Amino acid sequence: MLGYLRNKWTLAAGCVLAAVTVASAENGDTQKSIKARGLLNCGVSSGVQTGMSTLDSAAKWNGFEVDFCRAVAAAVLGDAEKIKFVPLEIKTAFATLQSGGIDLLARTATHTFVRDIELNVAWPGAYLYDSQGFLAKKSLGVKSAKELDGASICVSAGSNYELNLADYFRKNGLKFTPVAANSRDQNEKNLETGRCDVYANVLSALAGAVSKLGKPDDWVVLPELISMEPIGPVVRKDDSRFRDIVGWTLNALIAAEELEITQANVEKLKASSTSPEVQRLLGVTGDFGVKLGLGNDWALNAIKAVGNYGEMFERNLGNKSPIKLERGLNNLWNNKGLMSSPLLR
Amino acid sequence: MGWVFQALLVVALAWVAHVAIGNLYDNLAARGLKLGFDFLWQEAGFEIAFHLVPYTSSDNYWRVFLVGITNTLLVTAVAIVFSTILGFTIGIAQLSGNWAVSRAARIYVEIVRNLPQLLHILIWYNVALRALPAPRVAIGVGDMVYLSNRGVFLPALTSDRPGLLVIAILIAVIAALALFRSLTSYAERTGRAVNAWLPSLAVLVLLPVLAVALTGTQVSVSLPQLKGFNFIGGWALVPELTALVFAMAIYNAAFIGELVRASIEAVSKGQREAAAALGFGWWWTLRFIVIPQAVRVLLPPLSNQYLNILKGSSLAVAIGYPDLVGVFTGISINQTGRAIEIVGMTMAVYLAISLLIGALINLFNHMTRIVER
Amino acid sequence: MTEAALISDTPRRATAMASAPARIALWLRRRIFASWRDALLSLVVVLILGAIAWTILPWALFKATWSAASRADCAPGGACWGFVAAKASQFIYGFYPPLERWRPDTVFALLIAGLTWLMVPRIPGKGYAGLFMMVVLPVVTFVLLHGGVAGLPVVPSDKWGGLLLTLILAVSGISFSLPFGALFALGRRSRMPLVRWLCIGFIEFCRGVPFITVLFMAIVMLPFFLPSGMKPDPLALAVAGIIFYEAAYMAEVVRGGLQALPKGQYEAAMAIGFGYWRTMLYIILPQAIRKVVPGIVNTTISLLKNTTLVMVVGLFDLLNIVSAGVADPLWVGSQAEGYFVVGLVFWLMSFGLSCYSRAIEGGFARADRA
């Protein structure tokens, strides 16, 4: 009886909201609902994060986060443009994911215990290994974070950097005043106007800030790095199939770099490569895509859309971008980095 | 017929509630989440820039909640005071016989009230930050007050028994008000000229001093001093607070100005002419004839405007002032994931304050209503 | 309330006879230099206004750069209007695909046509105009903008932004909050206690909480109460939030009009055998609403300004898209220009509405006297 009533309510409410809602399939099958609506709902940062998610004058989304959304859309739907980007401040990001407003959160979200267990969301992998540091004006004359007693520090409201910062100062017996702004953009403005003395964020964000503020020689990143941040895409825990899809799309991009598959040569390699690993990844042999519930060209589509992991990094954050972030830990494992893919076999 | 309809309504509402709560439990179960207020006792772990109640990062979320409420109340109270002062000025200026003054007031009202409040706040915040100097070159007033882009720094009273001080001051304010009221009503009753200001002020100052002296409480004045990066000591008003108060005062003053103008215009012209005939100057006419009558018309819409100020203070979140919405509905939701509990608590707080203010205003209306003879 | 205001207006009649220069001199003496205090005040006011104009005008006009490819091309100290020119289409349409922009253009045209029909007193058929604005326009707007029928490509709602989104939020909010508000106002005066208490509860709830928290509730909390398969669009949730929040305010305005109506109107309607709904729809509400047009317009203006708050839930309304445009590395430092444009657009819309309200009020007052 209850089930009947609830179905009827669904129907009635569905009729009322049909005009304005995106219908989706039942619980536990994110992938099916993405296919049904023909769009991936992808949460990214607020569109003002240099290198991560920005909107250009032609209203096109760019950036590392955005490219990862494209890779997943290409893998699931075969079209990297079938995405609805939902820009989210970190304060509303997890709540929106939990409540089903987005399928995937591709933001600079660090994997932490509380988020994993209490918010009950999952990180299928890490696409950036970053560290939290401090950015200061050179003219401030500060050489070490230990000298920051009494400083005003800019930090993103509701981020885990806020927590790291409080811990670090408590541990060292120092005091500070937080200046918690909602967006990176406001943080950068606050740093520039001198509202705060230093800006605490991960190195990729600090590099982005420097590239935006101009005059890179005026700024210095203090030597202390106070945390190691595994940052990755986030999905709901209740759908392990979609978690696999997101995780393996990331793995495919990393594996592609290792196998030297690029956006440019992927079609050629599909036709000509004799390497069994390349053939498996690109769906020439085996049926990995079908086992994920996708087409066998899933990885091919993802690589065609955004290139391999290295290309994605360099284009948005590395040397081919204004940010010029060093790859460092985000190099492949065989190049003194931490990036590696589980085996494709 | 009516009863049938109402019964149907009850059934329909109960059904909607039942289904909604059923959905809630299904959704929570599917996502492995739970409801409850246990999170309030967890350690928050983040610092808050500005707080009236003591707070450190090792306090729990309940304390964060209290910090948010007190910060919201502070900004609301201060904004109400300033927007009332500015609003009355604008309202009276609009009716000035001086063409330049009334035109300028009119222009002010028309420009300010047609812009969104959020825009006001963003503009004033960014303007203030760009215009003010760094702490090392702060604008100082006699080594007591400093103005910089880190905020306004004022001398502060510090005490080893701050609770006692607060209670003593509160009692002194109430006592002074009561004395002032009884003295003025005595003057009105008897027609004798009684100076009500002096004794009231004396009570206001002497009571706390007496309390401090009798209990042997240590009281000292702490002056702001530049040390390292910032000013230490004194009372720091962060720029987010000052910009917010400034923007809200400017914005709401335009509305209050309009209300004041309308209420003064509602006082019949004969009243003013009669006052003029008695030889009252403009200030006396205003003070003793116009304002007392205008206030009755003014109060209901003015109280609504005060509630708007309370609600508008939630826009603080846009510039990072740690009000209730900022620290609790914003940061705490993200750190704990308890969206339903936190949004519910926040709404309950605003609702309670609004209903309380509404009840007080009704009481006041009741007390000041014209007694028909 | 200076002395000048307290003087009776006999001299005014005298001035009508005098020559123009003498009239101006008299006017100056009476309205500007009535006393030394007045003269001083006038001087201070003129100085302040002059100082403001002196800061804004050179920045906005004389030192401004009118076309530029990036912030670097703009002269320092002046406004960089090239920024606004470069981003204009984004400010208006958001991320709407350039090839499909005739669709929002059509919507704008329909909106203007509908508003003209509704607002110009001489054009007949106001009832149909209302029907057009409340039923036809929302449906046409949604179908046209969203597409997916008659060969129109689908443009999902995250691509709608800027002025387009602000207007969608405002117009849908206004069209629906007034009827809902009227319903709640009637409910609040209903003789059925349950209906009355429910309406009072709803109205007082909405009036007691900030709009931001309602948005938070709609976006973050509401999905938990919906069936798990249903994932409403954030825009739809924001629109629903605006409608219900503002409906509570509209209800209070309409209630004021209902209370001001003489009881005879109800009794007369009952006497000629009208039922409750016909009495309300044809006799009471038209009169009540006419009495409170200024209040309705004020609520409309506050609704329009409140749409900027959707920023907190990640929708790109005009203010938010301008903020995002300012963050473009090419245009860093163009904040003042951005805010200026947003302010101007909102000001023109709100001021236009309030002028209209005053004109209507004047018209009604004349009609009542006649």
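Here are the numbers:
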{"quantity": "Any chance C:Leu183 is more than 10 Å from chain B (Cβ to nearest Cβ), buried (at least 21 other Cβ atoms within 10 Å of the Cβ), farther than 30 Å from B:Thr76 by Cα and within 24 Å of the chain's Cα centre (by Cα)", "calculated": "no"}
{"quantity": "Sole exception among (1) surrounded by 12 or more Cβ atoms within 10 Å (Cβ to Cβ); (2) out of contact with any helix residue (DSSP H, G or I) (no Cβ under 8 Å at 6 or more places or on another chain); (3) not assigned by TED's automatic domain parsing to the domain that holds C:Pro286 for C:Ala88, by number", "calculated": "(3)"}
{"quantity": "Matching entry among B:Ile264, B:Ile289 (being in the same structural domain as B:Leu310 (by TED's automatic domain parsing) and surrounded by 21 or more Cβ atoms within 10 Å (Cβ to Cβ))", "calculated": "B:Ile264"}
{"quantity": "Residue list for the stretch A:261-302, restricted to those being free of Cβ contacts under 8 Å to residues at least 60 places away in the same chain, closer than 30 Å to A:Ala207 by Cβ and in contact with a Leu (Cβ under 8 Å, 6 or more places away or on another chain)", "calculated": "A:Ile261, A:Val266"}
{"quantity": "1 or more residues surrounded by fewer than 20 Cβ atoms within 10 Å (Cβ to Cβ) and hydroxyl-bearing (Ser, Thr, Tyr): qualifying helices (runs of 4 or more DSSP H) within the stretch C:283-348", "calculated": "C:293-306"}
{"quantity": "Sole exception among (1) out of contact with any strand residue (DSSP E or B) (no Cβ under 9 Å at 6 or more places or on another chain); (2) within 23 Å of A:Leu40 (Cα to Cα) for C:Ala72, by number", "calculated": "(2)"}
{"quantity": "Conditions (1) touching a residue at least 60 places away in the same chain (Cβ under 8 Å); (2) within 12 Å of chain C (Cβ to nearest Cβ); (3) aliphatic (A, V, I, L, M); (4) buried (at least 18 other Cβ atoms within 10 Å of the Cβ); number of the one not met by B:Ile69", "calculated": "(2)"}
{"quantity": "Residue satisfying condition, being surrounded by fewer than 18 Cβ atoms within 10 Å (Cβ to Cβ), of a type in the set (Gly, Ala, Ser) and more than 8 Å from chain C (Cβ to nearest Cβ), within set B:Ser58, B:Ser83", "calculated": "B:Ser58"}
{"quantity": "Meets criteria (over 22 Å from C:Val253 (Cβ atoms), assigned by TED's automatic domain parsing to the domain that holds C:Ser175 and in contact with a Ser or Thr (Cβ under 9 Å, 6 or more places away or on another chain)) for C:Gly333", "calculated": "no"}
{"quantity": "Candidate set: the stretch C:57-99, residues that are in a helix (DSSP H, G or I) and among the charged types (D, E, K, R); chosen: the one nearest to the other protein chains (Cβ to nearest Cβ)", "calculated": "C:Lys87"}
{"quantity": "Residue in the stretch A:199-217 that is of a type in the set (Val, Ile, Thr) and under 15 Å from A:Val155 (Cα atoms) present", "calculated": "yes"}
{"quantity": "Neighbours by Cβ (under 8 Å, 6+ apart or cross-chain): first from the stretch B:184-202, part of a helix (DSSP H, G or I); second small (Gly, Ala, Ser)", "calculated": "B:Thr184/B:Ala196; B:Ala187/B:Ala193; B:Ala187/B:Ala196; B:Ser200/B:Ala176; B:Leu201/B:Ala176"}
{"quantity": "Residue in the stretch B:365-372 that is touching a residue at least 24 places away in the same chain (Cβ under 8 Å) and within 13 Å of chain C (Cβ to nearest Cβ) present", "calculated": "no"}
{"quantity": "Those helices (runs of 4 or more DSSP H) lying entirely in the stretch B:224-314 with at least 1 residues without any contact (Cβ under 8 Å) to a residue 24 or more places away in the chain", "calculated": "B:269-277, B:291-312"}
{"quantity": "Single residue of B:Ala187, B:Ala128, B:Ala105 found to be modelled with pLDDT of 90 or more and either surrounded by fewer than 15 Cβ atoms within 10 Å (Cβ to Cβ) or within 14 Å of chain C (Cβ to nearest Cβ) (or both)", "calculated": "B:Ala105"}
{"quantity": "Residue check, B:Val166 within 30 Å of A:Ala151 (Cβ to Cβ) and of a type in the set (A, V, I, L, M)", "calculated": "no"}
{"quantity": "Among residues of the stretch B:270-294, those that are within 10 Å of chain C (Cβ to nearest Cβ) and either basic (Lys, Arg) or in contact with a helix residue (DSSP H, G or I) (Cβ under 9 Å, 6 or more places away or on another chain) (or both), counted", "calculated": "10"}
{"quantity": "Flag for A:Leu165 being surrounded by fewer than 19 Cβ atoms within 10 Å (Cβ to Cβ) and either within 19 Å of A:Val221 (Cα to Cα) or touching a Lys or Arg at 6+ places or on another chain (Cβ under 8 Å) (or both)", "calculated": "no"}
{"quantity": "Condition check for C:Thr213: assigned by TED's automatic domain parsing to the domain that holds C:Glu246, in contact with a strand residue (DSSP E or B) (Cβ under 7 Å, 6 or more places away or on another chain) and of a type in the set (S, T, N, Q)", "calculated": "no"}
{"quantity": "Pick from the stretch A:192-238, criterion within 13 Å of chain C (Cβ to nearest Cβ) and closer than 19 Å to C:Ser323 by Cβ, ranking: farthest from the chain's Cα centre (by Cα)", "calculated": "A:Thr193"}
{"quantity": "Every residue from the stretch C:198-214 that is facing chain B (nearest Cβ under 10 Å) and closer than 15 Å to B:Val10 by Cα", "calculated": "C:Leu198"}
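The values are calculated or read from the model by the stated rules, or taken from the named source; none is laboratory data. Bear in mind that the values here come from a model prediction, so they are computed numbers and not experimental data. Positions of Cβ are backbone-derived with ideal geometry, glycine not excepted, and every protein chain shown enters the neighbour counts.
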